[in-house]
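As C-alpha cells, the structure follows; a few thoughts come after it.
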Amino acid sequence: MADTAVGAGPDHHAAGDDPNRRDFIHIAASVAALGAVGALAWPFIDQMNPAGDTLALASIEFDLSKVVEGQQVTLKFRGKPLFVRHRTSAEIAAAIKDDHASMRDPQTDEVRHKPGKAEWLILLGSCTHLGCVPTFGGGEYGGWFCPCHGSVYDTSGRIRKGPAPKNLEVPEYAFLSETKVKVG
Amino acid sequence: MLRKGIALAALGLAFLAAPALANTNALPPKEAHWSDSGPFGKFDQAQLQRGYKVYREVCSACHSMNLMYFRNLGQPGGPFYEEKYKNPNDNPYVKSIAKDYQVDDIDSETGDVVKRAATSADAFPAPFPNEAAARASNGGALPPDLSVIIKAREEGQEYVYSILTGFGAAPPAGLKIEAGKYYNPYFPGGVIGMTPPLAADKVTFDDGTKSTVDQQAKDVVAFLTWASDPKAQERKQFGLGAMIYLLIFSGLLYASYRRIWRNVAH
Amino acid sequence: MSGHSTYEPKSGFERWLDERLPILRWSADHMMSFPTPKNLNYWWTFGAILAMCLGVQIVTGIILAMHYVPHESLAFNSVERIMRDVNYGWLIRYLHANGASMFFIAVYIHMFRGLYYGSYKAPREVLWILGCIIFFLMIATAFMGYVLPWGQMSFHGAVVITNLIGSLPIIGKPVTTWLWGGFAVGGATLNRFFSLHYLLPFMIAGVVGLHIWALHVPGNNNPTGVNVKSKEDTVPFHPYYTVKDGFAMSVFLIMFAVFVFYFPNVLGHADNYVPANPLVTPAHIVPEWYLLPFYAILRAVPDKLIGVLLMFGAIAALFILPWLDTSRVRSMRYRPTAKLYFMIFVLACIVLGFCGAHPPDQQVINGFATFQLLDSDLNTWVWLSRIGTLYYFAFFFFILPLLGLTETPLPTPESISEPVLSNSANAPAGAAASPEKRG
C-alpha cells in the first residue's frame, strides 16, 4: 500500500528528504486503516452469535418425578429434542452386558449416566450422523433407530450399526435434588 | 474553506435540535444531576438496586415493563451484576427475585394454565392482562409501559423525576380536578390520572439511605434510565476508544496527505 | 477526459487476465491514474464521504434485517431486542439510524457544492440528473426505513405521507388503498415497506455507478469552473485524492461517532420509542430533520393538492436546473451577484427547515403580534415558510435564468494552473484572463 502511494505521480521528493520518515507516515496510516477495519469486523461477526435472550434459555430445569419407569419424555433444549428416559432394569442390564462388545465409539454404560442413577438416561435426541431425530424402540438393539439413514443405537444410546460416527450425546447436566435436574 | 465548513455544520446542528421544541402547556421539567450523564458518566449500582426496589414495591402495581427480563438485572451494568456470575441466569440474587413471582405456564400433561415460580429467563410479569383491564382499574387512564420510558419522553430523566415529585401544589384557578385525578404542573394539560405514588419512608432502603420522596424519585429514575438503554455504559466505553482511534487516524492521514501534496502547487 | 489507458500489465498473469477481462486496467484507469484537477477543495471530498455512507447503511442494514421482524405486533420489540440482546446490536442499530442523518448532511453539502460551482452545467447535465435521482431514491428509502421501528412517529408519519397521494384527483384514493394494502396503514404496509427499504439501496448503488461513470466522461469540475487544459492542471487520483478523501472521511467519521456513541437519539424523536397506536396521534408530528424543508413547503399553502405539487416541484426544479441557469460562467466564485443570491438560498433552505419543525400557527417571535394577512398573523411560521418557499422557487425560476443574462461576471482565469501561479506571485487572481466562453 505504502509503495504505491509514493510511486505514482510526479512526486520527486526534494533533496534532503529522508525517505524512511516519508514512508513511515504512509505505512502508519495504512496500518491504522487496516486496524480499524479489523477492530470493526468483530462486532459485525459477533452479532450472528446467540443473543442474550437465546443464551438465557440455554439451560433448563426439569422435574423427573412424573416420568414413570419405561417412559421417555422429550423436551426442547437449545432448539433440539432432549430425551429423558427412565430405563427399566432390563434395559440397564442389556446396556451393561454389551459394555465390552465391539463398538464404533466404545464407552461403558456407566459413564453415560450419573453415578447411582443408572435408571436416568439423558440424551440429546439428535442423530450424530446428520441431525435427524431417532425414534425409540426401533432396530435390533432395543434402543433408538434413526429413520433417515438407518443408524441403530442401543439402550445406552451408543451407536451399534449404520452410518452415524458417534454415540448419542450426553449433555452437561446435574441433579439439583433427588428428582430435579438442571440441563445445560 | 474548512472554517466555513465548521460554521455551516454548527448551523446545521442548531437546526437539527429544533424539532425538540414541543408545544405543550406543561412546566419545563426540573433540573437534576444524574450520575450517568456525560461521556464518562456511570450508574451507581447501589442506586440502581434502590431504584429497582422502588419500581418493584410501588410502580409495578400499575406499570408493566414488558421488555425487561429478570436476567437483565444480573447482566453487566445491571443492579445485581456480580463478576462471579458471568451468566446472569446463575446469579443467585436474580434467581431469588424471580422465584418470588408466579407466572403462567401450560401443564404439559393436562394442557391447563398453571402457575409456577418465575425463572431468570422470564419477563417481568405485567400487572394487568391487557390494555382494557389496565384502563378499567385506573379510571380510564392507561399506565404506560416503563421499559423505555426515559427514551420515550423528551428530556426523559428530568421529566419522570419532575412528574414524581411534582404533586402537591394547588391547581390554578379555573382548572377543575375531577375525583380520581390529580394536579401535576409538569404533565401536559396539568391533570394526571396517577395517584401521587411516592411518600417518605414508603420504601425501606436496605443500604440505610434515607427514604425521602426526592431520593425515591431519583433512584427510580436512575433504574428506569438504565432499563431504557441497558447498553449505554458499554456504548460510551466503546465510544471513547473509537474517538481516540479516529483522532489519531485523522492525524496520521493528515500528515500523509501533507507529504503527498507537498510538491504540488494548488 | 479518460483518454487512453496508461495501464501496463506487470506480470504474465496480469497480461493473461487483461486480454480476457480487463478489470485491472479498468480499476487502474478509473481509481488510480484518473486525471483529477489539482485544485479541488474539501467540498469535493463529500463524494467519497457519500460512498462511505452508502456502504455503512447497506452493511448495517443487511445485519439489522437478520434480526428485525417486519410484523405489526413484533416490529417494535424486535428493534428493542436488537438493542438489548443481540451482540453489539446497539452499535449496529445506532450506526444505521444516525447513518441516515449523516448521509443527508453529506448529500446536502454535496448538492450545495454542485450548485455553487456550477457542476450541473454542460457537459455535466446527465451527471447532475443522476444525482437528483439518487437524492429522490434516498428520500424514499429514508422514509420507508423510518416506518420500520413501528413507533408512534413511524406509524403516523407513514399515515401523513401516504395520505399525500390521496390528494391526486380520481386516482388518489385507489392508489392510496393499493399502497396500504388495506383501509389504513397496517401490517401489510409495514411488510411491503420493509421489502422496498431493502431493495432501494441497491438501486441507489446502481445509480451511483452511473453517476460515477457520467463523472468520468467529462472529468471533475473544479472550484474555478475552468476546463482542464493540460496535464499540468491535473494529478492522478491516487494517491493525491485517495489520501485527501481518506482524511476527510476520517474527520467526518469523528462527527458520526459523536452522535452514535454520545447522542444516539438526539436526531430522532422521543415519540418513536412509544409503540405505534393507530388510535392516538402524537401531539406534534414532524418528519426527520432532513425532510423538514420539504415538509414546510407542503404546509405553506392551505390547499392540499397544490401543497403536494409544490413539494414535488421543489425536487423537480433540481432536475431541470441545468437549463434554468443561463450564465456562461460555471463557478459562482466569479459571479458575485449570484454568490449573494446563493447564500440567501442556503439560508432559505435552513429557515424552511425550522418552519417544518414548528406548528404553522405558532409565533416565530413570541409575544409579538403584528397584523393579520390573509388567513393568519404575519408573525407565524406559516408566513415565514411562505416567504421561504417563494424564494426557493424564485431562485430557480427567476433569479438564475435572469441573472445569467444581466450580470457582469468577474474575469475567469485562463487555466486551472494560472490562478495558482499568480497567487504565488502575489498577483491578483485571473487579472489577465477573459471570461470563459464555453459553459
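Okay, here's what the table says:
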{"item": "Range of Cα positions in the stretch B:132-230 per principal axis (Å), largest first", "result": "43, 27, 27"}
{"item": "P(r) histogram, all alpha-carbon pairs of chain B included - 5 Å bins from 0, percent", "result": "1, 5, 9, 12, 15, 14, 11, 9, 7, 6, 4, 3, 2, 1, 1, 0, 0, 0"}
{"item": "Lys/Arg +1, Asp/Glu -1 at C-beta; the protein assembly as shown dipole; positive extreme among B:L146, B:L67, C:V308", "result": "C:V308"}
{"item": "Whichever lysines have a C-alpha closer than 17 Å to that of C:K304, once near sequence neighbours (fewer than 8 apart) are set aside", "result": "C:K173"}
{"item": "Trypsin sites (Lys or Arg not before Pro) lying in DSSP loop within the stretch B:184-266, provided at most 10 other Cβ fall within 10 Å", "result": "B:K210"}
{"item": "Positive-end extreme of charge dipole, chain C - chosen from C:S167, C:P413, C:G151 (charges on Cβ)", "result": "C:P413"}
{"item": "Cross-link reach list, aspartates and glutamates versus A:K114, counting only Cα pairs under 15 Å and skipping chain neighbours closer than eight places", "result": "A:E169, A:E172, A:E178"}
{"item": "Residue pairs, from the table A:K80/A:K182; A:K97/A:K182; B:K53/B:K95; A:K117/A:K180; A:K180/B:K99, whose Cα atoms sit over 18 Å apart", "result": "A:K97/A:K182"}
{"item": "Student exercise, chain B dipole from Lys, Arg, Asp, Glu Cβ charges, in Debye to nearest 20", "result": "1440 debye"}
{"item": "Order of B:D107, B:D145 - criterion: other Cβ atoms within 10 Å of each residue's Cβ, fewest first", "result": "B:D107, B:D145"}
{"item": "Folded to 0 to 90 degrees: helix B:156-165 orientation relative to chain B principal axis, Cα", "result": "30 degrees"}
{"item": "Selection from B:Y101, C:V208, C:P322, by position along the positive dipole direction of the protein assembly as shown (Cβ)", "result": "C:P322"}
{"item": "Förster radius 35 Å - calculated FRET efficiency between C:A65 and B:D100, Cβ distance, rounded to 0.05", "result": "0.35"}
{"item": "Calculated on alpha-carbon atoms, Rg and Dmax of the stretch B:161-212 in Å", "result": "13.5, 45"}
{"item": "Ellipticity estimate at 222 nm from DSSP helix runs (n ≥ 4, -39,500 (n - 2.57)) divided over the protein assembly as shown, nearest 500", "result": "-15000 deg cm²/dmol"}
{"item": "Loop chymotrypsin sites (Phe, Trp or Tyr not before Pro), the stretch C:168-267, which have at most 15 other Cβ atoms in a 10 Å radius of their Cβ (DSSP)", "result": "C:F183"}
{"item": "Assigned charges on the beta-carbon of Lys, Arg, Asp, Glu; the protein assembly as shown dipole about Cα centre (debye)", "result": "1620 debye"}
{"item": "Spacing of the two label points (7 Å from each Cα toward its C-beta) at C:M255 and A:E110, in nm", "result": "7.3 nm"}
{"item": "Loop-resident sites, the stretch B:44-151, for GluC sites (Glu not before Pro), counting at most 11 other Cβ within 10 Å (DSSP)", "result": "B:E83, B:E109"}
{"item": "Nearest 10 degrees, 0 to 90: helix B:45-57 Cα axis against chain B principal axis", "result": "40 degrees"}
{"item": "Nearest-0.05 FRET efficiency for B:D206 and B:L175, computed from C-beta distance (R0 35 Å)", "result": "0.30"}
{"item": "Residue-wise HN-Hα coupling along the stretch A:99-108, computed from phi with Karplus coefficients 6.51, -1.76, 1.60 (Hz; x: Gly, Pro)", "result": "3, 10, 5, 6, 9, 5, 10, x, 7, 7"}
{"item": "Most to least packed among C:289-301, C:50-62 [average Cβ atoms within 10 Å]", "result": "C:289-301, C:50-62"}
{"item": "Residue-averaged beta-carbon neighbours from other chains (10 angstrom radius) around B:147-156", "result": "5"}
{"item": "The stretch C:34-280 - charge dipole about Cα centre, Lys and Arg +1 at Cβ, Asp and Glu -1, debye rounded to 20", "result": "380 debye"}
{"item": "Helix A:19-46 vs. chain A, principal-axis angle (Cα, 0 to 90°, nearest 10)", "result": "30 degrees"}
{"item": "Label-point gap, in nm, between C:L210 and C:L74 - each point 7 angstrom along Cα→Cβ", "result": "3.7 nm"}
{"item": "DSSP H segments from chain C that extend 15 Å or more along their own axis, Cα-based, with Kyte-Doolittle mean of 0.0 or above", "result": "C:46-67, C:89-116, C:125-147, C:152-165, C:187-216, C:237-262, C:304-324, C:336-357, C:381-394"}
{"item": "20 Å Cα-Cα reach of B:K210 towards aspartates and glutamates, excluding residues that sit fewer than 8 places from it in its own chain", "result": "B:D44, B:E57, B:D201, B:D219"}
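None of the figures in this text is laboratory data; all of them are computed from the coordinates on show. Quantities reported herein were computed from a predicted structural model and do not represent experimental measurements. With ideal geometry, Cβ positions are generated from the backbone for all residues, glycine too; neighbour counts draw on all protein chains shown.
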